[in-house]
Amino acid sequence: MSTAASSSTSETIAEPGLKIKVSTKEGEVFELDEKVAKMSQVIRGILEDLGEQNGGDDSVLPLTQVETRIFRKILVWLKYHAGHDKEEAPKAEEDEIIARFCEEIPEWDQKFLNVDQAVILEIMLAADYLDIKKLRGLCCKTVANILKTKTVEQIREMYGIENDFTPEEEEEIRKQTAWCEDEPPRQGSNH
Amino acid sequence: MAPKDRGEPSPRQATIDKLPDKTLLHILGFLEHKEICRLAQVNRKWRQLAYDNRLWSSVSLRPEYGGLVAAPPPDTAVHLIASRFGAQLKCIELPIELITAQVFHELANKCPNLVHLVLDFSNAMQLHDFNDLNAFPSKLRTLNICLSDVIFMEGFMRKIYNFINSVECLQLIGTYEKVSEEEEEVHETVQITKLKSHVPNLRVINFFGVKFLDDNHIEAISSNCVHLECLCIKFCTKYTGTSLKTLLQRCRKLSCLLMEQTGIKSEHFQDAEWEKSRVSELDITSCEITSAALIDVLGRIKNLKWFCAGHVDGFDNQVLDSIMQSGLAKSLVAIDLQSCDNLTEEYLFKFLEAHGNQLLGLNLAGIPWLVETFWTQSVPFLRKIKILIMGTGKIVTITRVSSKIHVDQIIDCVAVNCPQIERLEIRWDPETLRFSDKSSKFIDTLRVKASKLRSLTLSDGEYFELVKSNFERAHRRAIVRTTVNCSTTILPLLPYFKDLRFN
């Protein structure tokens, strides 16, 4: 599946400032602008611990849980958002909750995440590992939007999940949730 | 040999079922409760996650207001409070069926972190018996009671007075909207004079549409609530303002005063010592205040940031001129002058030319002579604008707008000049709006440039459909709405907007 947002990561933008080196699970080394790298709270934390006095040094941060193919994608996202986002003030908890339900995923990010669900999940895990909250949130929301449109049966089928309820339990749970069910999801099965 | 779903991951790759619980909870956090309930039926693991009380910290059990579809039976509700909500519960909305002593006992005992409680009595036919009520959540910050016309609340209120000392934000929502044509008797269903002594910590009061509320009640409130910062008495038609002077004297912290469609009289409005007050947000929409009274009062208010005076005939060119002369206009960040049709285009243009660059919110809808040329010349001043409302709606005046509105020019102007725009409403009806085959291009520009736009409201018609489908193709779905079911206001710019919101 091709992605709108995949592009080479080796291009170096002539921009003054610190370069940060990181390596992926496979050991491939990437050089990032400081601004881009610091969008990951984990990298930011490590850099702050190390102190930033020796910019020219050759140390490489190992990101042992991120595969190269996923890291390339995340890099595309980070570069785009480093260039387009303004520093956002952290939101109050209530605003955060409202935003969760009301705000739509921006066009660029929708295209970026228009990939196999498995890839979305991997990006989500990597974003969690690197502590990039915004990207993790976008992935979660995208998956949540997929779940919204599926019936229970479709979800089990889609993920190969076994129904481990006994018939009694199933009846019980149906009763328990009966009062909060409305009509089944909008898109029915298309088989 | 089931056909493979395109979204189905191959076994080697990550699959949702293998994700850590923490991550799955994040995903479920983006779903509504009724969807979470459905997912509980997938398997045991999903049930356990769906019932995790971290997902149930804010629960609405009022189906009419986006809550769960049907209210659970009381026994189930009591069980839910104990087993599913527990200590995580912060906010709950209860319909009349669940306003019982038993439910309150459970909330008081099992939910120590509950701070926000909504009690909806509006559909009540009669009140449950509260003789046994001896426990009630005691750490509430916000208490919202939706009143009914005919239910006397005192029996209930007497029981909870001892528990509501901590409340900072009190909302009593009246029944103004359900008003019937015939004049009926208005009952004082809550005794404000008794209530006031039990809520000394109030910062925010919202008495929206409480029909029985009058100046005596406001006087009583002001005697005991010295910390009051925000008072909303919109649609309390019995209020005339005799208590306004006392209110401003006693409640020195009051900064936000919303009096839309009250019966306030000019002389009482003028009587208050505005020069000593801290009021910086004021709403007198649809109040009958004279031009002279406005010039006097606005001459004495020191720092007005947010001002609504829509439908006030007294707000004319002289008033606008006086606030520009006095310098008061310099502090304004949002102003609503809709349907103030004693204002001319010339004066409004001068005002926007001088102060447009500081405005975050502007409502000039309902003024028939503000047409395309006015807006294409004024919008470039509105560099910071977040909320903008223009156009005349369905109100057919005798002086029918002769010129047609070419909406493309306005859309383009907003797209180019207003990068911060969040809410835009254009009210002209389809007969007045003109657009062309090039319109799509302008809508594209707006969509791309105005990335913060979250609400775009248009009159229902061909142009609306065009814009709606344009945004939908770009997967920005819930943004474009019609004026039929959505009306934009500058209220979101109020610092107390969150506290005042209900339903």
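What follows draws every value from the coordinates through simple rules; no lab data is involved. Everything numeric in this text was worked out from a predicted model, so none of it was measured. Virtual Cβ from ideal backbone geometry, glycine too; neighbours counted across all protein chains shown.
Under 24 Å of direct C-alpha separation, and excluding same-chain neighbours fewer than eight residues apart, B:LYS302 reaches these lysines: B:LYS234, B:LYS245, B:LYS253, B:LYS265, B:LYS276, B:LYS330, B:LYS350, B:LYS384. Mind checking which lysines have their Cα closer than 25 Å to the Cα of B:LYS159? Skip sequence neighbours fewer than 8 apart in that chain. Filter leaves B:LYS90, B:LYS110, B:LYS139, B:LYS194, B:LYS196, B:LYS211. When the protein assembly as shown is described by a simple charge dipole with +1 on each Lys and Arg Cβ and -1 on each Asp and Glu Cβ, the residue from B:ASN134, B:THR242, B:LEU500 located farthest towards its positive end is B:LEU500. Cross-link pairs exceeding 19 Å between alpha carbons, from the set A:LYS25/A:LYS111; A:LYS35/A:LYS133; A:LYS134/B:LYS45: A:LYS25/A:LYS111; A:LYS134/B:LYS45.
In terms of its C-alpha gyration tensor, the protein assembly as shown comes out oblate, because a/c is 1.5 or above while a/b does not outweigh b/c. About its Cα centre, the dipole of the protein assembly as shown is roughly 1300 debye, where the only charges are +1 on Lys and Arg Cβ and -1 on Asp and Glu Cβ. Listed from fewest to most Cβ neighbours within 10 Å, the set B:MET324, B:MET125 follows the order B:MET125, B:MET324.
Computed about the Cα centre, the dipole magnitude for chain B is approximately 2700 debye when only Lys and Arg (+1) and Asp and Glu (-1) carry charge, each at its Cβ.
The charge dipole of region B:356-503, taken about its Cα centre with unit charges on the Cβ of Lys, Arg, Asp and Glu (plus for the first two, minus for the last two), comes to roughly 500 debye. Tell me whether chain B comes out rounded, prolate or oblate; compute the Cα gyration tensor, take square roots of the eigenvalues as a ≥ b ≥ c, and use a/c under 1.5 as the rounded threshold. Oblate shape, in that a/c is at least 1.5 and b/c is the bigger or equal ratio.
Quick check on the protein assembly as shown: helices-only [θ] at 222 nm, where DSSP H runs of length 4 and up contribute -39,500 (n - 2.57) each and the sum goes over total residues. Nearest 500, please.
Working: 27 runs with 246 residues, N = 694.
Calculated mean residue ellipticity at 222 nm is -10000 deg cm²/dmol.
Put simply, the amide H of B:THR457, placed in the peptide plane, has neighbours under 5 Å in B:LEU424, B:GLU425, B:ILE426, B:ARG481, leaving out anything fewer than 5 places away on its chain. If both residues of a DSSP beta bridge must be in region B:356-503, then about 0% of such bridges are antiparallel.
For A:153-161, what's the mean count of beta carbons from other chains sitting within 10 Å of each residue's beta carbon?
Details: counts 2, 1, 8, 5, 5, 8, 9, 6, 7.
For peptide A:153-161, the averaged partner shielding equals 6.
Working note: Karplus 6.51/-1.76/1.60 with θ = phi - 60° gives region A:18-25 the couplings 6, 10, 10, 9, 10, 10, 8, 3 Hz, where Gly and Pro are set to x. Residues whose amide H comes within less than 5 Å of that of B:GLN171, counting only those at least five positions distant or on another chain, are B:LEU143, B:ASN144, B:ILE145, B:ASN206 (H built at 1.01 Å from N in the peptide plane).
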